[in-house]
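Novice: Input: one structure, supplied below.
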Amino acid sequence: MEAVDPHIEEILSSVSDPEIPVLTIVDMGIIKKVEQKEDHILIHITPTYSGCPAMDTIEDDIVKAFDEEGLKAKVKHILSPAWTTDMITDKGKQALEEYGIAAPKDASIDKAALNGEKGKIKCTHCGSMNTKMVSRFGSTACKALFQCEDCGEPFDYFKCLR
Amino acid sequence: MKEINKELLFDYIIQLGDSSMILGQRLGELCGHGPELETDIALTNISLDLFGQVRNYFQYAAEIQGEGKTEDDIAMLRYEHEYRSALLVEQPNKDFAYVIARQNFYDHYHYMLLEFLVNSKDEQIAAIARKSIKEVEYHLDFSITWMKRLGGGTEESNCRLQDAVDNLYRYTKELTTPTETEKQMAELGVGPDLTSLQASYYNSLNALLTEAEINVPKEIVFQFGGKEGRHTEYMGYILSDFQYMQRAYPNMKW
């Protein structure tokens, strides 16, 4: 995101992904541009996955957050450049880990892990590397399901997308 | 770029969206009925990706049409002969082998199509394709893995997959056989020259079948027509399910 007015950034940072409440939409990297129009603020957002059902909710939440500050905002969906997991900020990745979702790894580790190679993703519960993939598809389009073979707990891994 | 006829472009976008949409609907039927939990989630995730991509296409189509309609109108309120989906995707979920074979036949084509469309002369189509291709790469990986598992699994799973392949293979050639609209779009650099994709489509598909210990069907009478609105009997049943809410309660919203 380009540098924007701190007040606007603050409002945007109060909106989070409804499915991953610890991740603000700013940290998720989906805010691409903020434009001051004559009578409203235009927020450009890009979807994570084409079919992400959170996008409509996020749009409503943005409009509502600005409304509460007495400002009028509109949201525009843009597709290009396509979102990648590299757009998630470091703060966002840390928030994911603390929430119990393993943050996306670089492409080669990601590929190996998703091809079923064990020991690539760190368990978010106990920190063990003794983990295995259970399913390439998880509870939402952006996640895969893993399990720790030490503590036995299942956890989500945020898939690398680029 | 030459000025593109709007009606033609609209028709092309409808074609791009319809096959993915009908396949997405077929996959949606499996929600809660997948053979195991992870597969159930995978198939419905794929369905969601496809509907997301179709929504992007149809939003664009509605914009081109300029009649104030939405993507929902385009998706939900057409008659059967106006749907331009290929015959392959409307084939039923007879068993898991049919689901996987249908998916894989489509994924191979879909990925090749998107490889071209990311550089389409139409910028919006290119943007949608650049978004979609990352998702479809994942679909292809998933269906290839399952083709190998079923083919190389037990005698029963091999037999079921062979049956599915024998029955569905006849619908594959339609995917890479261009309609009049697709031919014109190829000339304008908006879409690929499908005929030129045919050889590599069958090369990679047949190589996979062989690797999965499945016999490549011979002496096939290929079936065509869906892309021109002539569907198999299954289509009417899909649409009656798909369109029910919008037909019974026009303009309803969630």
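Novice: When A:Thr89, B:Thr154, B:Thr44 are ordered from fewest to most other Cβ atoms inside 10 Å of their Cβ, what list results?
Specialist: B:Thr154, A:Thr89, B:Thr44
Novice: Which residue, B:Ala127, A:Ile101, B:Phe105, has the largest displacement toward the positive end of the dipole of the protein assembly as shown when charges sit on each Cβ (Lys, Arg +1; Asp, Glu -1)?
Specialist: The Cα lying farthest towards the positive end belongs to B:Phe105.
Novice: Please work out whether the stretch B:135-184 counts as rounded, prolate or oblate from its C-alpha gyration tensor, where a ≥ b ≥ c are the square roots of the eigenvalues and a/c under 1.5 means rounded, while otherwise a/b larger than b/c means prolate and anything else oblate?
Specialist: Note, shape of the stretch B:135-184 comes out oblate.
Novice: Write out the cysteines belonging to chain A for which the nearest other cysteine Cβ is not under 4.7 Å, or none if no such cysteine exists.
Specialist: When partners are defined as cysteine Cβ atoms under 4.7 Å apart, chain A leaves A:Cys52, A:Cys142, A:Cys160 without one.
Novice: Helix by helix, which DSSP H runs in chain B go 27 Å or more along their axis at the Cα atoms and have an average Kyte-Doolittle hydropathy of -0.5 or more?
Specialist: TM-like helix candidates: B:6-28, B:37-65, B:96-117, B:123-151.
Novice: Report, in debye and to the nearest 20, how large the dipole of chain B comes out about its Cα centre when Lys and Arg carry +1 and Asp and Glu carry -1 on their Cβ.
Specialist: In total the dipole reaches around 200 debye.
Novice: What dipole magnitude, in Debye to the nearest 20, does the protein assembly as shown give about its Cα centre under +1 on Lys/Arg Cβ and -1 on Asp/Glu Cβ?
Specialist: Approximately 740 debye in magnitude.
Novice: Related question: What ranking of B:Glu155, B:Glu115 emerges when the number of other C-beta atoms within 10 Å of each C-beta is taken as an exposure proxy, fewest first?
Specialist: By the 10 Å Cβ count, ascending: B:Glu155, B:Glu115.
Novice: Count the DSSP beta bridges whose two residues both fall in the protein assembly as shown, then state the antiparallel fraction as a percent rounded to the nearest 5.
Specialist: 70 percent
Novice: For Cα pairs less than 8 Å apart in space and 6+ apart in sequence, what is the mean separation divided by the residue count of the stretch A:100-158, i.e. the relative contact order in percent?
Specialist: After rounding, I find 32 percent.
Novice: Less than 19 Å apart at the alpha-carbon level, and either on another chain or at least 8 residues along: which aspartates and glutamates does that give for B:Lys121?
Specialist: In chain and number order, the partners are B:Glu3, B:Glu7, B:Asp11, B:Glu63, B:Glu180, B:Glu182, B:Glu187, B:Asp193.
Novice: For the residue pair A:Lys37 and B:Asp193, what label-to-label distance in nm results when each label sits 7 Å from Cα along the Cα-to-beta-carbon direction?
Specialist: 4.3 nm
Novice: Rounded if a/c is under 1.5, else prolate if a/b is larger than b/c, else oblate: which is the protein assembly as shown, with a ≥ b ≥ c the root eigenvalues of its Cα gyration tensor?
Specialist: Taking the square roots of the gyration eigenvalues as a ≥ b ≥ c, the protein assembly as shown is oblate.
Novice: Another one. For the pairs A:Lys122/B:Lys148; A:Lys93/B:Lys148; B:Lys134/B:Lys218; A:Lys33/B:Lys134, flag any whose C-alpha to C-alpha distance is greater than 25 Å.
Specialist: Where the Cα-Cα span goes over 25 Å, the pairs concerned are A:Lys122/B:Lys148; A:Lys93/B:Lys148; B:Lys134/B:Lys218.
Novice: Give me the one-decimal nm value for the distance between modelled label points at A:Ser128 and B:Cys31, 7 Å along each residue's Cα-to-Cβ direction.
Specialist: 3.6 nm
Novice: Could you tell me the relative contact order of chain B? Use alpha-carbon pairs under 8 Å, at least six residues apart, and round to a whole percent.
Specialist: 24 percent
Novice: So if I take the centroid of the Cα atoms in the stretch A:1-71 and the same for the stretch B:65-111, what is the distance between those two points in Å?
Specialist: 33 Å
Novice: Could you line up B:Val216, B:Val99 from fewest to most neighbouring Cβ atoms inside 10 Å?
Specialist: B:Val216, B:Val99
Novice: Related question: Note down the relative contact order for chain A as a percent, whole number, built from C-alpha pairs under 8 angstrom at least six residues apart. Provide the component values of the computation, followed by the final result.
Specialist: Details: 296 pairs, mean separation 28.1, N = 162.
So the answer I get is 17 percent.
FYI, it's all coordinate maths here, none of it is from the lab. Computed from a predicted model, the values in this text were never measured in an experiment. Here the Cβ is made from the backbone with ideal geometry for all residues, glycine too, and neighbour counts use every protein chain on show.
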